[in-house]
1. Restrict the check to region 183-203 and report whether at least one residue is at pLDDT 95 or above, surrounded by 23 or more Cβ atoms within 10 Å (Cβ to Cβ), more than 15 Å from ligand 2 (Cβ to nearest atom) and closer than 24 Å to L267 by Cα.
2. Can you tell me which of T74, T108 is modelled with pLDDT of 95 or more and touching a strand residue (DSSP E or B) at 6+ places or on another chain (Cβ under 6 Å)?
3. Output the strands (runs of 3 or more DSSP E) that fall wholly within region 81-181 and possess 3 or more residues being under 15 Å from L5 (Cα atoms) and within 16 Å of ligand 1 (Cβ to nearest atom), or say none.
4. Hey, does region 74-93 have a residue that's at positive phi and in contact (Cβ under 8 Å) with a residue 24 or more places away in the chain?
5. Sort out which residues of region 199-234 are closer than 19 Å to S285 by Cβ and within 16 Å of ligand 1 (Cβ to nearest atom), and write them in order of number.
6. Sort out which residues of region 247-275 are part of a strand (DSSP E or B) and either within 16 Å of ligand 1 (Cβ to nearest atom) or open to solvent by 40 Å² or more (accessible area, probe 1.4 Å) (or both), and write them in order of number.
7. Within region 276-289, can you find the residues that are open to solvent by 80 Å² or more (accessible area, probe 1.4 Å) and closer than 18 Å to A219 by Cα?
8. What number of residues within region 43-58 are more than 6 Å from ligand 1 (Cβ to nearest atom), of a type outside the set (A, V, I, L, M) and either buried (at least 18 other Cβ atoms within 10 Å of the Cβ) or closer than 16 Å to Q298 by Cα (or both)?
Amino acid sequence: MTHFLDIHKTSKADLRNILDVAKTVKDARAGLPKATLDAEQPLAGHMVALIFEKPSTRTRVSFDVGVRQMGGQTMVLSGQDMQLGHGETIADTARVLSRYVDMIMIRTFEEDTLLELADHATVPVINGLTNRTHPCQIMADILTFEEHRGPIKGKKVVWVGDGNNVCASFLHAAGQFGFDMTFTGPETLDPEQEFIDLARAEGSTIEIVRDPFEAVKGADLVVADTWVSMHDSQTTKERRHNQLRAYQVNDELMSHAKPDSLFMHCLPAHREEEATSSVMDGPHSVIFDEAENRLHAQKAVMRWCLGK
Ligand code: CP
Ligand code: NVA
């Protein structure tokens with residue numbers, strides 16, 4: 001079974017192929033040559049379950065639209081409305097859903113839920129975000145970077161703020177796509193060592209630099225995310241804000257990165273907290289290209305999962 005669970009679990013060749021297909025399907029919709037892929041309707045007759053245990057705008061809409069563009073149908077399910085949310089095991093849910101649908105995308109809390117679902121499903125399972133990782137986002141982000149600046153291999157990406165789930169998938173991508181990464185944020189919010197070790201084992205230079213101005217020197221890409229993620233307790237909100245205020249991405253911080261550096265944020269953003277509107281809407285920002293590219297990247301991920 002071909003699941004898309006995390007970037008480091010997919011081979012480098014397959015990741016590159018997925019991005020090539022994503023670019024091709026994107027160009028096809030823009031009316032450029034090779035405009036044949038969607039016409040093939042590769043998901044005709046396929047039903048895709050989209051399960052959400054957390055809120056979503058981009059993931060929900062981009063998967064739904066992507067499946068429909070490829071001729072398939074979707075069923076959007078809320079975890080709370082399923083028996084899954086009321087004591088039915090994940091394994092049984094996986095076995096039952098596999099009898100009805102051709103692919104499952106899930107956004108959930110615990111990584112173990114995703115892994116157990118994948119273990120027991122007989123159809124492909126896609127990670128639509130867990131507390132630990134968000135691989136579909138980073139596939140869209142690599143696509144976005146390369147559209148604007150060419151190959152990401154050898155570039156310097158600086159993650160500013162909380163070493164969260166999105167940061168973790170960026171670290172996975174650093175190892176697989178061969179770029180370097182610097183994390184800058186308070187020590188208590190460092191990314192897990194496991195993610196850093198994996199990237200280093202693949203040959204990427206991964207640094208932790210506490211001073212954000214020092215960290216962004218030479219950056220080709222500066223990335224921010226919310227200071228409080230969906231799985232974080234609201235009781236930590238004030239402490240996190242106090243710790244992270246010095247790590248706001250504003251015009252001054254961006255002026256210390258390379259002049260042609262890009263700024264990314266997976267969204268949703270809290271404007272004037274982790275990043276100012278002047279940066280989000282400014283010349284470095286590609287945040288809405290990232291959002292659009294969720295659609296194209298995920299269409300390619302789904303085709304890969306189904307062998308289409
Ligand atoms: N970036 C992202 O995954 O957005 P949603 O939470 O809106 O899906
Ligand atoms: N880190 C954020 C990403 C949202 C897409 C969260 O998990 O809430």
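1. yes
2. Matching residue, one of T74, T108: T74.
3. 103-107
4. no
5. Of everything in region 199-234, those that are closer than 19 Å to S285 by Cβ and within 16 Å of ligand 1 (Cβ to nearest atom) turn out to be V223, A224, D225, T226, W227.
6. Passing the criteria: F263, M264, H265, R271, A275.
7. Passing the criteria: only P283.
8. Residues that pass the stated criteria total 3.
The values are calculated or read from the model by the stated rules, or taken from the named source; none is laboratory data. Remember, predicted model here, so these are calculated numbers, not experimental data. Heads up, the Cβs are rebuilt from the backbone with ideal geometry, glycines too, and the neighbour counts pull from every protein chain shown. Accessible surface is based on the protein model in full, side chains and every heavy atom, while ligands, DNA and RNA are left aside. Shrake-Rupley method; radii C 1.70, N 1.55, O 1.52, S 1.80 Å.
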